[in-house]
Structure formats: structure tokens, C-alpha cells
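As C-alpha cells, the structure follows; a few thoughts come after it.
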Amino acid sequence: VLTQVYLPDGTGPVDLVLRQGRIERIGNGLVPDAQIINCAGGTVLPGFVDAHMHLDKTLIGEQWIPLPNLGGASVPMRVAEAEAILENLTTLSVAERAELLAQQALALGTMALRSHVDVTPAMGLRSVEALLGVRERLASQVDIQLVAFPQAGFNQPGVPDLLEEAMRLGCSVIGGIDPATVDGDIEQQLRALFQLAVRFDAAIDVHLHDLGWLGAFELDRICAWTDAEGFAGRVVVSHAFTLGDLSENDSQTLVERVARTGVAIVTCATGHRPLPRARQLWKAGVLLGVGSDNVHDTWSPYGRGDALEMAFLFAYRNGLRTDPELYRALETVTTTNARILGRPVGDLAVGAPADLVVVDPPNGAAALAAHGPRRAVIRRGQVIHADGWTGGQLTP
Ligand SMILES: [Zn+2]
């Protein structure tokens, strides 16, 4: 039983009775012989979902590895540099590092995540094979969705065949990247992506960094392919910086098309890049999720795999300030990301899985603003971590 806890909308305090991995009762009154976590006026949130990670690139678990200054480097130069770091400077295997990051994210409340996995001429399928093992080993703790991701481009020697093999091995999402600037042929990449997705009955997730009208044109073409192939609800465009780069006025028609087409946008609130405007996308009805992207890895020294912190950064950079806006920002990493990943939407209802996070502030909006420590993380009724929890002893 979680006692003295508020619900995300601020109602409470209530007691939450959990049994056999599910929420059995929400109300007041204790249960005889129950194990108790006293939440002391904190808030219970649904377990978090991270819609965009790169578990294979992280350097977590290594001694600090300084990153080179790559100002002005092209994407192929950056890819080569990142692969050289992983190849020459790491001491742990891809699987060991990926598992450490997934477990760190779980300790912070992430119970499901989507990870892109590099498939390049140099890496081949090594990272995919490692991550498939991680997904299996952690299956009881974190649901991991794997994207076969052509980081160096689709149009590279051997990559189309490698992507196909990655899907056959068990990736469930096919990835794309800047079809114009990385591959130099928008239609060729999109045709190949959708053909693979149809063949494997898979979802699609495209990294789109390209800015201005070029990025807007690519996003428009992704919408056209989504319409033509009947893929509404199964296509994500990650970053879509162009929606924040163009003025609100210039991007409005495209934003409306994205909403109508059923293409979801996942933003990572990347520090130095323009990001889609939350209020504009919400108003148009776009499904807008949030992910960590690079977490202390070969591309970025920052981050710790904390979905709540990412939702905070998204809200902070968008200048959100009212409680309904903060609450909606919190929902990006709970119900919205769950929808985007095609998972059952985690909510706090009787009968729902007991995937829960407890934090100190007294409601969801305050929890987002503070993005502080997790008092308790509970996955399918199992206590992953809880303050004051002494291994199953009664601690009223
Ligand atoms: Zn990414």
C-alpha cells in the first residue's frame, strides 16, 4: 500500500493498494498485513516512457571520455569520429553500456523506451545483435523497442541489406535520416523505408535535422508517403527542427498537415537547436512526444536517461508556465509517449498495471517543474527502489 499520496491532478491524499502487479484499489483505509510505503504527501505518477534513446552509443560505465571539438564537421565525419571513440576508447561492450543506461533510466522511472540502434557499413549488425540480447535480458524490467537506424545514411554500401536483416532479427521499427542532406535523394530513401515497413509490418521513425524550407519539404513528403501507404499512427518524425526554425506563420500549414496525416513528432529539446512549438502543435492536434536522444555518449556529454528531466527541458524551452501546460508537458513522457510507441496507455486506474513513480511535490505540474528525486519506483508491483523501504518489512 502506498499511503498518504496525491494523484497527478492534485486530488488526495489517498492510499493506493497494489496486489499481484496491479492497482487493486484507490481510496482510504489500510489493508491488514500489507507492506506499506509512506509517501508522506508526495505524488504518484504513471511509469515513464522514453520515446527516443540511443542505448548503443552511451559511454555510461566508462571513465570520463572527453569528446573532440567537431564544430562544423559534416554528418559522415561525426559518424566516423563517434565510431572511432566506441572502437578505440571504450573498455565495456555495447551490451554492457546499454544495459547500464537502461537500468539507470529504470531507476529514474522509465519502464518502456524506444532505442535507435546504428546500422552502418562499419558497425554492420554488431550493435543490433548486442541490443537484442539486452532487450531479452531486461524484458521483465523495461520494455525496449528497437529501431534499425541507418546513422550514416540509407544509401551506403550494404546498408539496405543490413537493415533488412536487422528487421528479420527482431527490430520492430525501421529508421531513416535526413533523406535530402544525408542521402541526396528524398524519394529514394522514403520509398525504401516504406517498402521495408510494409514488408515487415513495422513502424517508421525518421531523424529529421534539416532546417528551413528543405526540412519542411522533407516533412511534407513523409506525410505524403504516410497518406499513400495508409501508415497513419505508425510514423514518427524525430526532432523536426524545421518546425521551430520556420516562423509560426510559415510552418502553420505544414503543422496542420502533420496533424491530419497522423504523423507523430518526438522532440528532444536539444540545447542548441530550434524545437517545434508545443502550443502550436498541441492546438493543431499533433501527437507530440519527448525523448532523451543522446545520453552521455559519443555525440553529447549531457544527460542521465531521466525522462522527467527531458519533459522539464521541453517545458522550460517552450516557456510553458500554467499548471495545465505543465501537466500536459508531464503527459508527454507518460500517456503521449505510450501512444506514440503503440503501447497500452499507462494510467492510474483500478486494474491498471502497477507501474508507478512517487515524487515529493504534491501534484503533477509541481513534479514537472521540480523534476526532483524519485522517492519510489515500482514496476509491475515490484519495488525497484523506495525511500524508507526496508526490503519488504512493514515501515509505516
Ligand atoms: Zn537521435
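Among the numbered conditions (1) within 21 Å of Leu190 (Cα to Cα); (2) at pLDDT 95 or above, tell me where Pro157 comes up short.
Unmet condition: (2).
Going by what's in this entry, would Thr120 be described as among the β-branched types (Val, Ile, Thr), surrounded by 19 or more Cβ atoms within 10 Å (Cβ to Cβ) and not in a helix (DSSP H, G or I)?
Yes; evaluated as a whole, the condition is true for this residue.
Hey, Glu136 hits all of (1) more than 16 Å from the ligand (Cβ to nearest atom); (2) not in a helix (DSSP H, G or I) but one; which does it fall short on?
Result: Glu136 passes all but (2).
All but one of (1) open to solvent by 50 Å² or more (accessible area, probe 1.4 Å); (2) within 16 Å of the ligand (Cβ to nearest atom); (3) farther than 21 Å from His207 by Cα hold for Gln141, so report the exception by its number.
(2)
With the structure loaded, tell me whether Val258 is more than 21 Å from Ala112 (Cβ to Cβ), open to solvent by less than 50 Å² (accessible area, probe 1.4 Å), part of a helix (DSSP H, G or I) and at pLDDT 95 or above or whether it fails that test.
For Val258, the condition - more than 21 Å from Ala112 (Cβ to Cβ), open to solvent by less than 50 Å² (accessible area, probe 1.4 Å), part of a helix (DSSP H, G or I) and at pLDDT 95 or above - is met.
Which is in contact (Cβ under 8 Å) with a residue 12 or more places away in the chain and over 30 Å from Glu331 (Cα atoms), of Val117, Val94, Val142?
After applying the criteria, what remains is Val94.
Condition first: closer than 24 Å to Leu92 by Cβ and in contact with a helix residue (DSSP H, G or I) (Cβ under 7 Å, 6 or more places away or on another chain). Now tell me which residues in the stretch 297-320 satisfy that.
Asp297, Thr298, Trp299, Arg304, Gly305, Ala307
Against the definition (modelled with pLDDT of 95 or more and either in contact with a helix residue (DSSP H, G or I) (Cβ under 7 Å, 6 or more places away or on another chain) or more than 16 Å from the ligand (Cβ to nearest atom) (or both)), how does Gly71 come out, yes or no?
The answer is no for Gly71.
List the pairs whose first member sits in the stretch 260-285 and is at positive phi and more than 16 Å from the ligand (Cβ to nearest atom), whose second member is part of a strand (DSSP E or B) and open to solvent by less than 10 Å² (accessible area, probe 1.4 Å), and whose Cβ atoms are under 8 Å apart, counting only residues at least 6 apart or on separate chains?
Gly262/Val235
Considering only the stretch 87-101, I want to know if a residue exists there that is within 16 Å of the ligand (Cβ to nearest atom) and buried (at least 24 other Cβ atoms within 10 Å of the Cβ).
Looking for residues that are within 16 Å of the ligand (Cβ to nearest atom) and buried (at least 24 other Cβ atoms within 10 Å of the Cβ), one finds at least one in the stretch 87-101, hence yes.
Residues that are in contact (Cβ under 8 Å) with a residue 24 or more places away in the chain, open to solvent by less than 60 Å² (accessible area, probe 1.4 Å) and of a type in the set (A, V, I, L, M, F, W, C): list the helices (runs of 4 or more DSSP H) wholly contained in the stretch 306-396 that include at least 3 such residues.
Result: 307-317, 323-331, 364-370.
The values are calculated or read from the model by the stated rules, or taken from the named source; none is laboratory data. Keep in mind that this is a model prediction, so the values were computed, not measured. Backbone-built Cβ (ideal geometry, glycine too); neighbour counts: all protein chains shown. All accessible areas refer to the heavy atoms of the entire protein, side chains included, with ligands and DNA or RNA removed. Shrake-Rupley method; radii C 1.70, N 1.55, O 1.52, S 1.80 Å.
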